[in-house]
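The block underneath contains the structure these notes are about, expressed in structure tokens.
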Amino acid sequence: MLISALSLLLLITPAGVLPADVPGKPDQYELLSQGTRLVQEGMLDEAVEKFMQVPPPVPGEDAGVFVRSRMEAARILFSKKDFRASAGLCDEILCILPDNIDANNLARQIRVAETPEWLKFLKDMKTYLPTLVKATSMTLLLVFITMAISPVGGLFIALGRISRNKAVSSVFWFYIWIFRGTPLLLQLFFIYYGLPSLGITLDPFAAAVMGLGLNYSAYLAEIMRGGIESIDAGQMEAAKAIGMTYWQAMRRIIVPQTYKRLVPPVGNEFIALIKDTALVSTIAMVELMRAANQIFSATFNVYILAQAAIIYLVLTSIFTVSFRKLEDRLGVYENR
Amino acid sequence: MIELQGVVKRFGSLSAVDGVDLDIEKGQRIVIIGPSGSGKTTLLRMINFLEKMDEGSILMEGKEVGYHKDKKGRLVMEKPHVISSLRSEIGMVFQHFHLFPHMTALQNVMEGPLTVKKEPREEVHKLALDLLVRVGLQDKKDAYPAFLSGGQKQRVAIARALAMRPKLMLFDEPTSALDPELVGEVFTTIKNLAGEGITMVIVTHQMGFAREIADRVIFMDNGRFIFEGHPEDLFSDRMEHPRIKTFLQKVL
């Protein structure tokens, strides 16, 4: 409001310079200056009324005063958020002077102001989504590689952990202790920034895969150990009684029975994994989080973060539903 | 065929099995009875190497098997693969069945010959079907254990043990976990096997069954055999042994 009043002050022509009254017609100059005065006094509604009394120009006549007064009215209405009336005045001006810069600018401002928030969100999405989706493919690649590595590593560590050989068992205990007991972020930093000083330099992708793989193997190992130990001891005895060795029994009898029980906790881990991949953005990996952060830093558009959040939610939701389905499928042998 | 000599098993200071000798001849049906905690199950489990014995020896066809002595003279079980191959010749049926729940009845029966003996699948399939017919469960071949009754589970477990074509079958209280109306079908199945001349050692609390099937019955108490002989002698009125007399009075 203050700004429009100021701009108005700059626009007004000094009253003394105005031409003399033309009889039989309302004096447009008089109306403009009266309106301007009302604006200065803060009586905006009355000012708009005065500006609106300026009649449209007859063809051939100079449209300057008409345009100026309608423009003032339009600005006041815009400042009062009466977008429709303001846009109507802009149209009036543009009918006479289609190239008028002020009217065009105001019309654009009105369009932006009139656009609902959700539409702005969608427009931003259209602009930035391709970049985010491309970055999501890296997130997914990391998730799937870790999902392929960690169950294998986890099972290996779990079997080592339950070994009756104390030395073997302690080695794996130590591994789990380290990787579950320190932050994943620290592990990633150590692998990417720390290992080079020991002569091992990894590119960001290799470092990310290694960090996630080692960390998730440790978590899955503890889950799998719990799964194996939850199987009734009678199963191992029955397997041995038909002549199976320990490893045959593990492979054929014990481990397959853990699958269904493992799906919910392992599913939880993998959902956590989707979110944990955001941590590798700190070691120069461009994935969803880093891409979103880069755009956000450049634009300060908070919707970018919301978009990234939605992509994460879509991924975690798909995982949740898939693991539920998988659990049902693996339980066919149960009588429920 | 299989002989136990001076077998001892201790749990801490308690001797669960306290120096017993047992000679199992081919085709014999030996029933072991006795009060709970008398060491019957422990003895059975030692025949199958599921329990390590502390003293004594186990002979198969006259040859000592399964153990050697370390420098201090203590018994040490042989390497797992040796034990596994010994076990594959002895079938065991458990009180709680222990069927593999993630496999169908047929897959349970096929598992041993397939994984342990690595026999060709078609042959094993045929063998397993035959065994399921023998225990009267051909129509349940594709059922998972969770969908079978206790009696049916135990009959599948018997078929699973038989699939390894064992020299000896061990039954560890095969009907103790069953509802009374399901006991009969399992006994009938075991009796049919007995009729086929399969060597078996049965631990049971069912005296009627013991009397009917055994050609030798053993009464075990505090880790020792206090009677070994013909069932008619054990169950006769002339039985004077006070421990046996009171036990039989209670259970019969």
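The values are calculated or read from the model by the stated rules, or taken from the named source; none is laboratory data. Predicted model only: the values in this text are computed from it and were never measured. All Cβ positions, even for glycine, are placed from backbone atoms using ideal geometry, and neighbour counts span all protein chains on display. Heavy atoms of the whole protein, side chains included, go into the accessibility calculation; ligands, DNA and RNA do not. Shrake-Rupley method; radii C 1.70, N 1.55, O 1.52, S 1.80 Å.
Check B:Gln95: other-chain or 5+ apart residues with amide H under 5 Å from its amide H, H built from backbone geometry?
Residues meeting the amide H criterion: B:Asp172.
Expressed as a whole percentage, what fraction of the accessible surface of chain A belongs to carbon and sulfur atoms when a 1.4 Å probe is rolled over the protein heavy atoms?
Summing carbon and sulfur atoms, their accessible area is 65 percent of the total for chain A.
Through the Karplus equation 6.51 cos²θ - 1.76 cosθ + 1.60, θ set to phi - 60°, convert the phi angles of the range A:231-241 into ³J(HN,Hα) values in whole Hz; use x for Gly and Pro.
The phi angles translate into 6, 3, 4, x, 5, 5, 4, 5, 5, 5, 5 Hz.
Let me know the charge dipole size of the protein assembly as shown about its Cα centre in debye, to the nearest 20, where only the beta-carbon of Lys, Arg (+1) and Asp, Glu (-1) is charged.
Dipole size: approximately 1820 debye.
Which residues, if any, in the range B:58-100 lose at least 30 square angstrom of accessible heavy-atom surface (probe 1.4 Å) when the other protein chains sit next to their chain rather than the chain being alone?
Residues passing the criterion (a loss of at least 30 Å², heavy atoms only) are B:Ser84, B:Arg87, B:Phe94, B:His98, B:Phe100.
Out of B:Asn222, B:Gly150, A:Tyr333, whose Cα points farthest toward the positive end of the dipole of the protein assembly as shown (charges: +1 Lys, Arg; -1 Asp, Glu; placed on Cβ)?
Projecting each Cα onto the dipole axis, the largest value belongs to B:Asn222.
Just the accessible area per residue of the range B:158-252, please: how many Å² with a 1.4 Å probe?
44 Å²
Can you give the mean number of other chain Cβ atoms that lie within 10 Å of the Cβ atoms in peptide B:161-171?
Partner Cβ neighbours, averaged per residue: 1.
May I ask what percent, to the nearest 5, of DSSP beta bridges between residues of chain B are antiparallel?
The antiparallel fraction comes to roughly 60 percent.
When the C-alpha atoms of the range A:256-336 are aligned to their principal axes, what extent does each axis show, in angstrom, from largest down?
57, 24, 12
Using a simple charge model, +1 on the beta-carbon of Lys and Arg, -1 on the beta-carbon of Asp and Glu, nothing else, what dipole does chain B show about its Cα centre, in debye to the nearest 20?
Dipole size: approximately 660 debye.
B:Asp21 accessible area, nearest 10 Å², 1.4 Å probe?
Accessible area, nearest 10 Å²: 90 Å².
Please label the shape of chain B as rounded, prolate or oblate, based on the square roots a ≥ b ≥ c of the eigenvalues of the alpha-carbon gyration tensor (a/c under 1.5 means rounded; beyond that, a/b larger than b/c means prolate, else oblate).
In terms of gyration-tensor shape, oblate.
For the range A:220-282, what is the accessible area per residue in Å², given a 1.4 Å probe and the full set of protein chains?
Value returned for the range A:220-282: 36 Å² of accessible area per residue.
What translational diffusion coefficient, to the nearest whole µm²/s, does the range A:23-114 have by Stokes-Einstein, given a Kirkwood radius computed over alpha-carbon pairs, a temperature of 10 °C and 1.306 mPa s viscosity?
Stokes-Einstein gives a translational diffusion coefficient of 120 µm²/s.
Can you give the mean number of other chain Cβ atoms that lie within 10 Å of the Cβ atoms in peptide B:3-15?
Per-residue shielding by partner chains comes out at 0.
Taking Rh as the Kirkwood radius computed over C-alpha pairs, what is the Stokes-Einstein D of the range A:118-330 at 4 °C in a medium of viscosity 1.567 mPa s, expressed in µm² per second?
Once the numbers are plugged in, D ends up at 67 µm²/s.
Report, by chain and number, residues whose modeled amide H sits under 5 Å from the one on B:Asp54, excluding near sequence neighbours (fewer than 5 apart, same chain).
The answer is B:Val8, B:Lys9, B:Arg10.
What FRET efficiency would be calculated for the residue pair A:Asn165, B:Asp21, taking the C-beta separation as r and a Förster radius of 51 Å, to the nearest 0.05?
0.90
Would you kindly derive the ³J(HN,Hα) couplings of the range A:50-64 from the backbone phi angles with the Karplus curve 6.51 cos²θ - 1.76 cosθ + 1.60 (θ = phi - 60°), listing them in order in whole Hz, with x for Gly and Pro?
Values per residue, Gly and Pro as x: 4, 4, 6, 6, 5, x, x, x, 6, x, x, 7, 5, 8, x Hz.
Say we join alpha carbon atoms closer than 10 Å with springs in a Gaussian network model of chain B; which of B:Arg134, B:Arg121, B:Arg155 then has the biggest fluctuation?
In the Gaussian network model the winner is B:Arg121.
Apply the Karplus parameterisation 6.51 cos²θ - 1.76 cosθ + 1.60, with θ equal to phi minus 60°, to every residue of the range A:116-129 and state each ³J(HN,Hα) to the nearest whole Hz, in sequence, with x for glycine and proline.
x, 4, 5, 6, 4, 4, 5, 5, 4, 4, 4, 6, 9, 4
Which whole-number percent of Cα pairs in the range B:1-143 have a distance greater than 25 Å?
Roughly 42 percent, once rounded to a whole number.
Only four residue types carry charge here, +1 at the Cβ of Lys and Arg and -1 at the Cβ of Asp and Glu. Report the dipole size of the range A:23-114 about the Cα centre in Debye, rounded to the nearest 20.
280 debye
Which residues' amide hydrogens lie under 5 Å from the amide hydrogen of B:Asp23, considering only partners 5 or more residues apart or on another chain, with H built in the peptide plane?
Sorted by chain and number, the residues that satisfy this are B:Leu4.
What does the convex hull of the Cα atoms come to per residue for the protein assembly as shown, in Å³?
Dividing the Cα hull volume of the protein assembly as shown by its residues yields 289 Å³.
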